[in-house]
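Data block below; observations after.
Just so it is clear, none of the values below were taken in a lab; they were calculated from the coordinates. Only a predicted model underlies this, so the values are computations on that prediction, with no experimental measurement involved. Please note: Cβ atoms are built from the backbone with ideal geometry, for glycine as well, and neighbour counts cover all protein chains shown.
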Amino acid sequence: MIVIHRPAEGDEERFDARKIKTSEAQIVSRTTDMSWAQVKAGLLDGDPEAMRAIAWVIKKRTEPTLRYGDFDPEVEELVSRFDAREVADFCEQISKAPGTEEEIDAAYDEAARHAADPEAAAEYIAKFREGGPKEPASSKSKTSKSGS
């Protein structure tokens, strides 16, 4: 999942939860009093505490003195979105699920809408549905603060 922070003032920041180190996952779990599985589920559900903790622990890489209490964005400033791998995994699941053509179309549309890069996701989904490559499309947008 990609956590996107869109502050009212300032530049958008993107944080790739897949790039969290084990030690950082432990810090997130201790700070939020949530298991790592709960944090990941929280990201999927758009839980503000999970998104805040992920963004905060990654921001600490470049701002080591940043305290959790000092990083308190407004709820509407944080959103979680699928990364390219998750879009690919979701497409694989959709392709194996029963449903009408209309339901399947809606599921693919939903995957694209919830992607960090909706354009790349829509392009990947179109190729996937045509029987094209099953490797995830690399995101065209920049994912900052990913630790890479």
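Taken over segment 53-104, the ratio of Cα radius of gyration to 2.2 N^0.38 Å equals 1.82. What angle do you read, to the nearest 10 degrees and between 0 and 90, between the alpha-carbon axis of helix 36-45 and the longest principal axis of the chain? The two axes meet at around 60 degrees. Could you give the length gained on full extension between Ser35 and Thr62, defined as 0.36 nm per residue of separation minus the Cα-Cα distance, in nm? Gain on extension, Ser35 to Thr62, equals 7.2 nm.
Between helix 22-32 and the chain there is an angle of about 70 degrees, using the helix long axis and the longest principal axis of the Cα atoms.
One quarter of the convex hull surface built on the alpha carbon atoms of the chain amounts to 9.6 nm², the projected area averaged over directions. Taking the helices alone, the chain has a mean residue ellipticity at 222 nm of -15000 deg cm²/dmol, built from -39,500 (n - 2.57) per DSSP H run of at least 4 residues and averaged over all its residues. Relative to the longest principal axis of the Cα atoms of the chain, the long axis of helix 118-129 lies at roughly 30 degrees. When you count the other C-beta atoms within 10 angstrom of each residue and take the mean per peptide, 113-122, 100-109 line up highest first as 113-122, 100-109.
Tell me, Kirkwood radius of segment 14-89 from alpha-carbon pair distances, in Å?
Values: mean 1/r = 0.0790 Å⁻¹.
Result for segment 14-89 stands at 12.7 Å.
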